[in-house]
1. Give, in whole angstrom and from largest to smallest, the semi-axes √(5λ) of the equivalent ellipsoid of the chain, with λ running over the eigenvalues of the Cα gyration tensor.
2. Quickly rank 168-178, 50-60, 92-102 as a protection proxy: mean count of other C-beta atoms within 10 Å, highest first.
3. In whole angstrom, how far apart do the alpha carbon centroids of segment 116-166 and segment 26-72 sit?
4. Return, ordered by residue number, the residues of segment 114-157 whose backbone nitrogen is under 17 Å from a label point located 7 Å along Cα→Cβ of Ile107.
5. What is the gain in length, in nm to one decimal, between Thr170 and Leu250 on full extension, counting 0.36 nm per residue of separation less the C-alpha to C-alpha distance?
6. If I take every Cα pair under 8 Å that is 6 or more residues apart in the chain, average their sequence separation and divide by the length, what percent do I get for the relative contact order?
7. Using only helices, what value at 222 nm comes out for the chain when you add -39,500 (n - 2.57) per DSSP H run of length 4 or more and divide by the total residues, to the nearest 500 deg cm²/dmol?
8. Using the alpha-carbon atoms, what tilt in degrees (0 to 90, nearest 10) does helix 216-226 show relative to the longest principal axis of the chain?
Amino acid sequence: MVLQTGYFDDSGSDAGSHYYVLAGFLASVEQWKAAATEWAAVLNREGLPYFKMSEAMALDGPFRRGWNPSLRDELIIELADIVTEIDPWRIECFVSRSLFETFVKDILESEIFNDPYFMLFYQIVLSVAANAERVGWSPDCDFIFDEHGKLGDLTKAKWEWIKQHIDGITGYSLSKHLGSRPIFRSDVPFRPLQAADMFAWLVRDCITQNGDNMQETPRAALKQLEGGALKVIRLHIEKKQLMNLGALFLVGKTKLTGYL
């Protein structure tokens, strides 16, 4: 099997966002090396230390001086082309913040379960496990996520517990496809994480704007990044799933105390 790495980032963590998204790509290590080299070359050419989609769209940060919407849009499409060339698996997961807060938040007195990040994080890794044969998963596959402070540390801390109990919880043999503990890194030196940041921002913009209302360049970039439907895993955590999760938390609250 080909050694793979998945890079994922979130969008919508600010309280004013209606949706929370975690998304990214899964490709071979060699493909990522090529893409990262090309991505870095483009940024160096433009004098950019890093790329962050929210700053690019707001013409803020490194884009504050010497940039205009036209130049920025050209750069976004060029960077999206780099990802398209390696044709990775695209994995995106999203949830309505208001529904999450209504049916799940504050049931358990645990910080990780009161933030949608933890739920989407495991939806991502479990979706790869459930599609292991389809995506060509190998036991040496690494999951690399953008740094998430204390919440990231808590997520990693529960990894072994999840591996031990996930088969019994879901009724499927997923633990054998979970591999090593996920890694959290800064997206400034890791170019593939910058690509995941772009993808997550575009997915959230599409949901928020109902697709057709997206600006032309973000719509075109998302179309490029999503590629063909055969290599997309799209996970929408809907109301019914959140209600079931909330009910599970209520029923198992006493049993889970001390473990989570």
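Computed from the coordinates by the stated procedures, all read-outs in this text should not be read as laboratory data. These numbers come from a predicted model, not from an experiment. Don't worry about glycine lacking a Cβ; one is built from the backbone with ideal geometry, like all the others, and counts go over all protein chains shown.
1. Working: eigenvalues 197, 91, 53 Å².
Over the Cα atoms of the chain, the ellipsoid semi-axes are 31, 21, 16 Å.
2. Working: 168-178: 14.1, 50-60: 17.9, 92-102: 19.6.
Per-residue mean Cβ counts within 10 Å order the peptides as 92-102, 50-60, 168-178.
3. Each part's Cα centre sits 27 Å from the other's.
4. Counting only backbone N, you get 114-123.
5. Values: separation 80, 0.36 × 80 = 28.80 nm, distance 1.74 nm.
Difference between extended and current length: 27.1 nm.
6. Values: 385 pairs, mean separation 85.1, N = 260.
Over the chain, the number comes to 33 percent.
7. Numbers: 11 runs with 136 residues, N = 260.
Here the helix-only value at 222 nm equals -16500 deg cm²/dmol.
8. Once rounded, the angle reads 60 degrees.
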